[in-house]
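Report on the structure given below.
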Protein chains: 2
Amino acid sequence: MKEKEFISVIKNVLNSDYIGDDCAYLKDLGIVVTHDSLVEDVHFRLDYMSVWQIGFKSVMVNLSDIAASGAEPKYLTVSLSLPPMTDNDFVENFYQGAKAACGNAVEIVGGDITGSDKVFVSICAIGVSKGRKISSRKSAKPGYKIVVSGMHGSSASGLKLLEQGKNQPEKFIKAHLEPRAQLNFGKEIGAKVEQDYAMMDTSDGLMDALSTIANESGVLLEIDFDKIPYDKEIEQFAGWRDMVLFGGEDYGLVAAVPADFDCNGTVIGHVKQGKGVDLAINGEIFHYTKEDVEKKIFEHFKS
Amino acid sequence: MKEKEFISVIKNVLNSDYIGDDCAYLKDLGIVVTHDSLVEDVHFRLDYMSVWQIGFKSVMVNLSDIAASGAEPKYLTVSLSLPPMTDNDFVENFYQGAKAACGNAVEIVGGDITGSDKVFVSICAIGVSKGRKISSRKSAKPGYKIVVSGMHGSSASGLKLLEQGKNQPEKFIKAHLEPRAQLNFGKEIGAKVEQDYAMMDTSDGLMDALSTIANESGVLLEIDFDKIPYDKEIEQFAGWRDMVLFGGEDYGLVAAVPADFDCNGTVIGHVKQGKGVDLAINGEIFHYTKEDVEKKIFEHFKS
């Protein structure tokens, strides 16, 4: 999948200002909207993931995008495509998982159901922007602090265990199959912040989010690896640092907010003039350009 | 696909008032929202449909749902899943077709792009309800007239020709591959009508829409077959009347509106007390229950 190449083709055809952030912000309607799909054998496998978990995770993936915008998630539509032999239990379990991920604040209001060869889930989520400030990846400014919410690397560790046919430690497997979006962190920032700010979810990895914010905003992010929250047990894995930095699907949030802005989460660095990401590990500084990060993600997780 | 069975499972799990109409009406946000997917080898085949046409039709299918609600279509998100060998031209042609269907009034504002085995298109459309009255399938009342916009049977004829490897008459094939939603008819009714009314698109056939409105509203629809607009050349096909009545994907609109309401479209019948649909053909009356219509659709188009 030449995803980034395709996105630039799409931007060319549409010539739209909307394409770019986790969500499109429709100011005239006071909403943000996002739309993500999960495909069997691309994003999940039925031999290690329950149908309930597919429903749960599909919703969480989309709520995470809304949280990253600073809006309040409110409504979802769900399009489900199912192989011919699917039974009622499958549909029931999927929707039970989806409903569990919605909690009390979010409601599934529509969608459709069609046939297909493989299970295909497509969800559109709507969030409300009223009384909130919506984030933009372009709004990180020198002097801002970088705050992260959520542990990183756990989901990639869980996926590695599943691929090896293992089922322990269970917490990593659960992090992959039943991720929890950082809804409160996103909502809190959106409601309290007064200045422009950047926020993004770490669906494609922490470094992807940091690098994207750095490059879209035209700034340098100085990050201290030791401050990044991760589960210490991850250190048992070969290449664990890369899992923390480049592993996807933890659905954490990274925000660049004014230094004096008071919020939850862990401060992992600061914004400076310059470009890219400077990562300090054990006193040594590693500089990452946009291309370095893309190459690394491709090598480790997409090859 | 046990679509109707699955929908009742979903309604049970969600216990939601929203599921039922072409669109969900989110009153607090002043919008309607709909979400439909098109799957390769289920809804279209790449050997007879161009990529431009897939983009065009996928958008029209969703705009038709918005038109059926009486709202004004405004924004779309598009999720596209593509096989590994897909090239940039495919993405460009798809989006050119999608953009052509949008015209000037509708904008694509987001979505995502992922890998898959087959081409999978999922579109979410948002319409604005401000200054309009939104339809409900439950709102047909005795004394109302039944108005239809758009020709019926052309799309089913086109599909039959394509399946036989034919490419004439081209107008039928085009009706199937590049349907035009009845956007003006839907917008006009939504803007002008003052009383509650029912409106539905004929994506699953004219009789499906009539029968659904009749049964959801708890009324009888008396329909005169001779008044239904269709292309006379369709009479060359065996079973042409069934194509007009039960053939899908013409994306016409059927509305039940007060008898004295002045609107475009063709009056094909009236609403009476009772249940189901009474269809007059050549002076003879045929009564259709909900089950009769479902059986007929299944026999002719889903077996």
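The values are calculated or read from the model by the stated rules, or taken from the named source; none is laboratory data. All of these numbers come straight from a predicted model, not from anything done at the bench. Cβ sites come from the backbone with ideal geometry, for glycine too, and all protein chains shown count toward neighbours. Quick note on the areas: whole protein, heavy atoms, side chains included, nothing else; ligands and nucleic acids left out. Shrake-Rupley method; radii C 1.70, N 1.55, O 1.52, S 1.80 Å.
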> Whole-Hz Karplus ³J(HN,Hα) for the stretch B:152-160, in order, using 6.51 cos²θ - 1.76 cosθ + 1.60 and θ = phi - 60°, x for Gly and Pro?
Replying inline: 10, x, 5, 5, 4, 5, x, 5, 4
>> If amide hydrogens are placed 1.01 Å from N in the peptide plane, which non-local residues have theirs closer than 5 Å to the one on B:Leu46?
In response: B:Asp41
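Heavy atoms only, probe 1.4 Å: what % of the accessible area of the protein assembly as shown goes to carbon and sulfur, would you let me know? Spell out each step's value before the answer.
On the way: 11230 of 24780 Å².
The computed percentage sits at 45.
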>> Quick one: 3J(HN,Hα) in Hz for the stretch A:115-131, Karplus 6.51/-1.76/1.60 with θ = phi - 60°, rounded, Gly and Pro as x.
In response: x, 5, 7, 10, 6, 9, 10, 10, 10, 10, 10, 10, x, 9, 9, 4, x
>> I'd like the distance separating the alpha-carbon centroids of the stretch A:26-94 and the stretch B:1-59, in whole Å.
In response: 14
> In square angstrom, what is the accessible area per residue of chain A with a 1.4 angstrom probe?
Replying inline: 41
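Which whole-number percent is the relative contact order of the stretch B:3-128 (Cα, under 8 Å, 6+ apart)? Display every interim value, and only then the final one.
On the way: 216 pairs, mean separation 44.8, N = 126.
Computed value for the stretch B:3-128: 36 percent relative contact order.
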> Which distances, in nm and shortest first, link the B:Glu235 label point to the same label point in every other copy, taking 7 Å along Cα→Cβ?
Replying inline: 8.6
> Over the heavy atoms of B:Phe237, what accessible area does a 1.4 Å probe trace out, to the nearest 10 Å²?
Replying inline: 20
> Taking every residue in B:78-89, how many Cβ atoms of other protein chains lie within 10 Å of its Cβ, on average?
Replying inline: 4
> Once phi is turned into θ = phi - 60°, what whole-Hz ³J(HN,Hα) does the Karplus curve with 6.51, -1.76 and 1.60 give for every residue of the stretch A:218-229, x standing for Gly and Pro?
Replying inline: x, 9, 9, 9, 9, 10, 9, 3, 5, 8, 5, x
> Residues of the stretch A:19-59 with accessible area at least 50 Å² lower in the all-protein-chain context than alone (1.4 Å probe)?
Replying inline: A:Leu29, A:His35
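At a 1.4 Å probe radius, which order do B:Asp201, B:Asp41, A:Asp17, B:Asp242 fall into by accessible area, largest first?
Values: B:Asp201 0, B:Asp41 80, A:Asp17 150, B:Asp242 35 Å².
The residues order as A:Asp17, B:Asp41, B:Asp242, B:Asp201, largest area first.
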> What is the magnitude of the charge dipole of the stretch A:3-128 about its Cα centre, with +1 placed on the Cβ of each Lys and Arg, -1 on the Cβ of each Asp and Glu, and no other charges, expressed in debye to the nearest 20?
Replying inline: 200
>> Using only DSSP helix segments of four residues or longer, with each worth -39500 (n - 2.57), what per-residue ellipticity at 222 nm results for chain A after dividing by its residue count and rounding to 500?
In response: -10000 deg cm²/dmol
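Counting only DSSP beta bridges with both residues in the stretch B:77-175, tell me the antiparallel percent, nearest 5.
Roughly 45 percent of the beta bridges in the stretch B:77-175 run antiparallel, per DSSP.
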>> For A:Ile146, what residues show an amide H to amide H distance below 5 Å, using hydrogens built from the backbone and excluding near sequence neighbours?
In response: A:Ile268, A:Gly269, A:His270, A:Val271
> Once amide H atoms are placed 1.01 Å from N in the peptide plane, what residues at a sequence separation of 5 or more from A:Tyr197, or on another chain, have their amide H within under 5 Å of its amide H?
Replying inline: A:Ser136
>> How much of the DSSP bridge set in chain A is antiparallel, in percent, rounded to the nearest 5?
In response: 75
> Measuring label to label, 7 Å along Cα→Cβ, what does B:Arg45 give against each other copy in nm, shortest first?
Replying inline: 3.3
>> I'd like the distance between the alpha-carbon centres of the stretch A:176-240 and the stretch B:172-191, rounded to an integer number of Å.
In response: 45
> Any idea of A:Cys263's accessible area? Nearest 10 Å², probe 1.4 Å.
Replying inline: 30
> Which distances in nm, rounded to one decimal and ordered from shortest, link the label point of A:Ala259 to the equivalent label points in the other identical copies, with labels set 7 Å from Cα toward Cβ?
Replying inline: 7.8
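Tell me: how much accessible area in total is hidden between A and B, 1.4 Å probe, Å², nearest 100?
Numbers: alone 14880 and 14880 Å², together 24780 Å².
When A and B are taken together, about 5000 Å² of accessible area is lost.
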